Amino acid sequence: MKYAYFTLVGLVLLFSNGCRDEATAVYTTEFAELDSIIGMMESDLKPLEGQIQELASQTEYLFDHQDRYAAMASRDEYKISDAGVIYRESADKSESSVHVSSISQNREEVFHQIYFTEALDSAFRTVYADTPLVAQVYFNTRLQLCRIYPSLDALQVFDTDADLTSFNFYYMADEVRNPEKKSKWVEDIYVDPAGRGWILSLIHPVYHQGQLEGVMGFDITINDIIQRFLKKSDKKLLIIDGSGNIVAGTNDAIEMLNLPPLRNHTYIQTINSDNFRKEDYNLFKSKSKEVRKMVAKFLLEKDNVYKMEDDFSSQKYTVYCRQMNLLNWYILEVKR
């Protein structure tokens, strides 16, 4: 009887270990595929940190040699609109656009800043040409100067009295939120005032004589992330941030989780403050109890596999989750 008992226990252990090994093998395959996508994303995104640091250093050099570079500027190109906005009037698409908000106080100082930062144009063109993932390059300053490339109709795109320093792509680089004074990813995506849709930004502060003078920025559209990384796979994929907001996703993954369809905001929208995803796109606020449980398991309990049953269709899914290293984002795969 004793031998029969140990034999039975041995068979149970053997069976359970076999099941665990089989499950691990399945999960390992799924995780390897998600890790591959993360690897591709980060191999494209990580080098941008070095590029923006170099560009910020070049800008600090311009601040150290302001008069020399201001003397080289095409001063006749800069005008003042009836609403008090300083802008650049040029038909040359190889040049950056300029917008200075009507709330800018010291016009003499800001014109001087416009003149010596004109030297950034060649560096902007190089970054844009050499880095397909970067949709636009810009430099925003405490004096309300925005210099941006590629060129656009600044008077039509930007609000007349916008305060650049009130937006996350500026204040996230300040000394309080970025005491290391290094490059920083703005992980809370927002709607681009230049009409390029939802945006992920990489920013870097520019200091002169101990003062934050401005913030250099690279913009990457979420649409490009979807096309470049998610749609190359036939998998049902979703990217969420550390708060449970959807960053990007394939339509089928979104539909399987009973979420509203994502729209790519390409219309020009004036930004009065930070613009984030609607509450409908936060998984913690999903109408589905199963989706809320799933995201809690992933983000709060740090699980990486969740088996769920659709609240409405009774279909069963398995969702796999991997966290990125560069950003506090998570990539999910939904499988039937």
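Quick one: what pairs do we get from region 61-82, first residue outside any loop (DSSP other than H, G, I, E, B), second basic (K, R), C-beta under 6 Å, 6+ apart or different chains?
E77/R88; Y78/R88
Taking region 161-191, which residues are over 14 Å from the mean Cα position of the chain (by Cα), among the hydroxyl-bearing types (S, T, Y) and either assigned to a loop (DSSP other than H, G, I, E, B) or more than 13 Å from C146 (Cα to Cα) (or both)?
S166, Y171
Please state which one of R292, R322 is at pLDDT 85 or above and assigned to a strand (DSSP E or B). Working first, answer last.
Numbers: R292 fails: assigned to a strand (DSSP E or B).
Only one candidate qualifies: R322.
Take region 219-261 and flag every residue that is of a type in the set (D, E, K, R) and part of a loop (DSSP other than H, G, I, E, B).
Answer for region 219-261, where residues must be of a type in the set (D, E, K, R) and part of a loop (DSSP other than H, G, I, E, B): K231, K232, D234, K235, K236.
It is to be established whether one or more residues within region 230-249 are over 27 Å from T165 (Cα atoms), surrounded by fewer than 22 Cβ atoms within 10 Å (Cβ to Cβ) and among the hydroxyl-bearing types (S, T, Y).
Yes - at least one qualifying residue is present in region 230-249.
Take the residues in region 155-188 that are among the aromatic types (F, W, Y) and surrounded by fewer than 20 Cβ atoms within 10 Å (Cβ to Cβ), then tell me which one is nearest to L326 (Cα to Cα).
W185
Starting from residues that are among the charged types (D, E, K, R) and within 17 Å of H112 (Cα to Cα), keep the ones in region 48-72 and report whichever is surrounded by the most Cβ atoms within 10 Å (Cβ to Cβ).
Among those that are among the charged types (D, E, K, R) and within 17 Å of H112 (Cα to Cα), it is E60.
Could you check region 103-154 and list, in sequence order, the residues that are assigned to a helix (DSSP H, G or I) and surrounded by fewer than 16 Cβ atoms within 10 Å (Cβ to Cβ)?
Scanning region 103-154 gives R107, E108, E109, S122, T126, A129, D130.
Any residue in region 196-207 that is in contact with a Leu (Cβ under 8 Å, 6 or more places away or on another chain), touching a residue at least 40 places away in the same chain (Cβ under 8 Å) and assigned to a loop (DSSP other than H, G, I, E, B)?
no
Considering only region 305-312, I want to know if a residue exists there that is closer than 25 Å to E187 by Cβ and either of a type in the set (S, T, N, Q) or surrounded by 13 or more Cβ atoms within 10 Å (Cβ to Cβ) (or both).
Yes, because at least one residue in region 305-312 is closer than 25 Å to E187 by Cβ and either of a type in the set (S, T, N, Q) or surrounded by 13 or more Cβ atoms within 10 Å (Cβ to Cβ) (or both).
Residues that are within 22 Å of T221 (Cα to Cα) and over 19 Å from the mean Cα position of the chain (by Cα): does region 102-121 have at least one?
Yes, there is a match, as at least one residue in region 102-121 is within 22 Å of T221 (Cα to Cα) and over 19 Å from the mean Cα position of the chain (by Cα).
Would it be correct to say that R75 is surrounded by 15 or more Cβ atoms within 10 Å (Cβ to Cβ), among the basic types (K, R) and within 12 Å of E118 (Cβ to Cβ)?
No.
Across region 189-211, which residue is surrounded by the most Cβ atoms within 10 Å (Cβ to Cβ) among those that are modelled with pLDDT of 85 or more and more than 19 Å from D44 (Cα to Cα)?
Step by step, filter region 189-211, then rank; the result is V206.
Looking at this structure, is E95 free of Cβ contacts under 8 Å to residues at least 40 places away in the same chain and of a type in the set (D, E, K, R)? Show your work before the answer.
Working: free of Cβ contacts under 8 Å to residues at least 40 places away in the same chain: no; of a type in the set (D, E, K, R): yes.
Considered against the rule, which asks whether it is free of Cβ contacts under 8 Å to residues at least 40 places away in the same chain and of a type in the set (D, E, K, R), E95 comes out as no.
Among the residues of region 231-248, which ones are of a type in the set (A, V, I, L, M, F, W, C) and either more than 13 Å from V334 (Cβ to Cβ) or at pLDDT 90 or above (or both)? Step through it out loud before you land on a result.
Looking only at region 231-248, we keep the residues that are of a type in the set (A, V, I, L, M, F, W, C), and these are 237-240, 246-248.
Once the filter is applied, which keeps residues that are of a type in the set (A, V, I, L, M, F, W, C) and either more than 13 Å from V334 (Cβ to Cβ) or at pLDDT 90 or above (or both), region 231-248 yields L237, L238, I239, I240, V247, A248.
Looking only at region 125-158, which residues are within 16 Å of S94 (Cα to Cα) and without any contact (Cβ under 8 Å) to a residue 60 or more places away in the chain?
Hits for region 125-158 are R125, T126, Y128, A129, D130, R147, I148, Y149, P150, L152, D153.
Only one residue in L299, L283, L327, L259 is closer than 28 Å to Y27 by Cα, modelled with pLDDT under 85, of a type in the set (A, V, I, L, M, F, W, C) and surrounded by 16 or more Cβ atoms within 10 Å (Cβ to Cβ), so which one is that?
Numbers: L299 fails: modelled with pLDDT under 85; L283 fails: modelled with pLDDT under 85; L327 fails: modelled with pLDDT under 85.
The match here is L259.
The values are calculated or read from the model by the stated rules, or taken from the named source; none is laboratory data. These figures come from a predicted structure and were not determined experimentally. Counting neighbours? That spans all protein chains shown, and the Cβs are built from the backbone with ideal geometry, glycine included.
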